[in-house]
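Visitor: Quick one: structure below, then a few questions.
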Amino acid sequence: MDANPQKWIDLDTPAVLIDLDTLDQNIRHTAELARKAGVKLRPHFKTHKSAWIAKAQIRAGACGITVAKLGEAEVLADAGIDDFLVAYPIVGKEKLQRLAQLMARAKVIVSADSVEVANGLSELGRSIGSKVRLYVDVNTGLNRCGKEPGAETAELVREIAKLAHVDVVGLMTHGGYAYGKKTEAELREAARIEAEGLLQSKRLLEQSGIPIAEISVGSTPTSKFIGELNGVTEIRPGAYVFGDLSQLSIGAITEKECAMHVWTTVVSTPRPGTAIIDAGSKTFSSDTLAHSPGYGTLRDRPDVYIERLSEEHGIVRLPDGVRFNIGDKLQFVPNHCCTTANLHDELQGIRGERAERPIRVDARGKIR
């Protein structure tokens, strides 16, 4: 160990800090939730895009990794990870060729929500002599991909199941709408609805003689209630590793579970009630939240928040009686940890007072 380790307070700004003790605790806690519930944990890679963190999740008990894009899976396969759910429709000749190459070196499940996408996957399966395993995506409230639960989804799966070279092994959904809830009771109900939409569809399919082995749900807030949900076989949370204001503002986590903070410097105090920090939209996520103003709040002072972002500046709103000096260092909780991480080549892992290690964002920018 370095006899004179750098203190993290001496890191230049802006920097994204990851408290490694909190990260470790978050990884262990969610793995234990899954173990106690008797379900598989397949965490989403898009939050951190770090092979180092993905390996830590697998060591803690994850069965494999969920990715949003093939490029993320390719990065992880190069790092030695070999079990993936690609939770995104694969469309087009080039991507199908890449999927074939990925399947040659890893166990892969792919999601689909249409016969058209499934047909392309079946043709790929025919060409490589191996069935492509599918999760069919179901809309349980987010109104993104997927048919409606029940009859619509059952009819879609029946059509897909006719294809010769795909194997429908499960149903999946993402309850991202949970971030719009306000209370624990509302979050619990969102988790129930998320699961029940899949289970309703499964029952109809099994009446048709189509067995469904896996019921896979997503969303960090709803994953907290997995022990109360019967019939779910897999959870796919992602943002739990870092924590952020989107989770904190709805009570899904406590401040002690926030591993990510953005370390900034005050560079201007041009008028009362305002401070300017050296971190703008190229540092912070530009996502906004339903239950919190601005783009991030000061650690331990939620009434101090980033009111506006330009590319290199964060305009901080200060309540009466609060002022900062030029050169002051401030830690902010960002609105959305996933998009914040993707803005950076590396994050700074800290432990206690030490800057312990940089964390490479290995799959940054892998949008295909």
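The values are calculated or read from the model by the stated rules, or taken from the named source; none is laboratory data. Everything quoted here is computed from the prediction, not taken from an experiment. Methodologically, a virtual Cβ is constructed for each residue, glycine included, from the backbone with ideal geometry; neighbour enumeration extends over all protein chains shown. Note: areas computed on protein heavy atoms with side chains; ligands, DNA, RNA excluded. Shrake-Rupley method; radii C 1.70, N 1.55, O 1.52, S 1.80 Å.
Visitor: Karplus couplings for segment 269-280 from phi (6.51 cos²θ - 1.76 cosθ + 1.60, θ = phi - 60°), rounded to Hz, Gly and Pro as x?
Guide: 3J(HN,Hα) across segment 269-280, in whole Hz: 10, x, 7, x, x, 9, 10, 10, 10, 8, 9, x.
Visitor: Can you divide the C-alpha Rg of segment 63-204 by 2.2 N^0.38 Å and report the result to two decimal places?
Guide: Normalised Cα radius of gyration, segment 63-204: 1.09.
Visitor: Hey, can you grab everything whose amide H is under 5 Å from the amide H of Asp137? Only 5+ residues off in sequence or another chain; H modelled, so Pro and N-termini drop out.
Guide: For Asp137, whose amide H was placed from the backbone, the distant partners under 5 Å are Ala112, Asp113, Met172.
Visitor: Tell me, what % of the accessible area of segment 36-98 is carbon and sulfur with a 1.4 angstrom probe? Before the final figure, lay out the partial values.
Guide: Values: 1210 of 2400 Å².
The computed percentage sits at 50.
Visitor: In vacuo Debye scattering of segment 31-130, one point per C-alpha: log10 I(q)/I(0) at q = 0.14, 0.19, 0.24 Å⁻¹?
Guide: Those come out to -0.54, -0.90, -1.23, one per q.
Visitor: On to the next question. Treating only the Cβ atoms of Lys and Arg (+1) and Asp and Glu (-1) as charged, compute the dipole magnitude of segment 160-314 about its Cα centre; round to the nearest 20 debye.
Guide: For this selection, approximately 140 debye.
Visitor: Okay, next question. If you roll a 1.4 angstrom probe over the protein chains with everything in place, what fraction of the accessible area of segment 242-344 belongs to carbon and sulfur, to the nearest %?
Guide: Of all accessible area on segment 242-344, carbon and sulfur atoms account for 47 percent.
Visitor: May I pose another question? With every protein chain left in place and a probe of 1.4 Å, what is the accessible surface of Ser130, to the nearest 10 Å²?
Guide: 50 Å²
Visitor: Mind ranking 243-250, 30-37, 188-195 by how tightly packed they are, going by the mean number of other C-beta atoms within 10 angstrom, highest first?
Guide: Working: 243-250: 24.4, 30-37: 17.5, 188-195: 20.5.
Taking the mean over residues of other Cβ atoms within 10 Å, the ranking is 243-250, 188-195, 30-37.
Visitor: With θ set to phi - 60°, apply the Karplus curve 6.51 cos²θ - 1.76 cosθ + 1.60 along segment 252-257 and write out the HN-Hα couplings as whole Hz, x wherever there is a Gly or Pro.
Guide: With the stated coefficients, segment 252-257 comes to 6, 9, 9, 4, 5, 8 Hz.
Visitor: Moving to a separate point now. Given Cα pairs under 8 Å that are at least 6 residues apart, what percent is the relative contact order of the chain?
Guide: Computed value for the chain: 20 percent relative contact order.
Visitor: Here is a follow-up. If you build the Cα gyration tensor of the chain and take the root of 5 times each eigenvalue, what three semi-axes come out, in whole angstrom, biggest first?
Guide: 39, 22, 18
Visitor: Sticking with this one: Hey, can you grab everything whose amide H is under 5 Å from the amide H of Arg301? Only 5+ residues off in sequence or another chain; H modelled, so Pro and N-termini drop out.
Guide: Counting only residues 5 or more places away or on other chains, the set is empty.
Visitor: I've got another one for you. Give the lysines whose C-alpha is closer than 24 Å to that of Lys36, dropping any in the same chain fewer than 8 places away, or say none.
Guide: List returned: Lys55, Lys202, Lys224, Lys256.
Visitor: Then there is this: Once every Cα of segment 285-368 carries one equal point scatterer and solvent is ignored, give the base-10 log of I(q)/I(0) from the Debye formula at q = 0.18, 0.25 Å⁻¹, two decimals.
Guide: One equal scatterer on each Cα of segment 285-368 leads to -0.95, -1.30.
Visitor: How high is the relative contact order of segment 88-153, in percent, with contacts defined as C-alpha pairs under 8 Å that are six or more residues apart? Numbers along the way, then the final one.
Guide: On the way: 73 pairs, mean separation 18.7, N = 66.
Reported as a whole number, the value is 28 percent.
Visitor: Check each of the GluC sites (Glu not before Pro) in segment 313-368 and keep only those in coil by DSSP with at most 16 other C-beta atoms within 10 angstrom; list them in order.
Guide: On the way: sites: Glu346, Glu353, Glu356; in loops: Glu353.
Passing sites in segment 313-368 are Glu353.
Visitor: Give the long-range amide H neighbours of Gly243: residues separated by 5 or more places, or on another chain, with amide H under 5 Å away, using H modelled in the peptide plane at 1.01 Å from N.
Guide: For Gly243, whose amide H was placed from the backbone, the distant partners under 5 Å are Ala259.
Visitor: Output the relative contact order of segment 42-193, whole-number percent, from Cα pairs under 8 angstrom with separation of 6+ residues.
Guide: Value for segment 42-193: 16 percent.
Visitor: Looking at His44, His291, Ser127, which one has the Cα that reaches farthest to the positive end of the dipole of the chain (charges on Cβ: Lys, Arg +1; Asp, Glu -1)?
Guide: The residue sitting most towards the positive pole is Ser127.
Visitor: To continue, here is another question. Per residue, how much accessible surface does the chain expose to a 1.4 Å probe? Answer in Å², no decimals. Before the final figure, lay out the partial values.
Guide: Values: 16180 Å² over 368 residues.
Dividing the accessible area of the chain by its residue count gives 44 Å².
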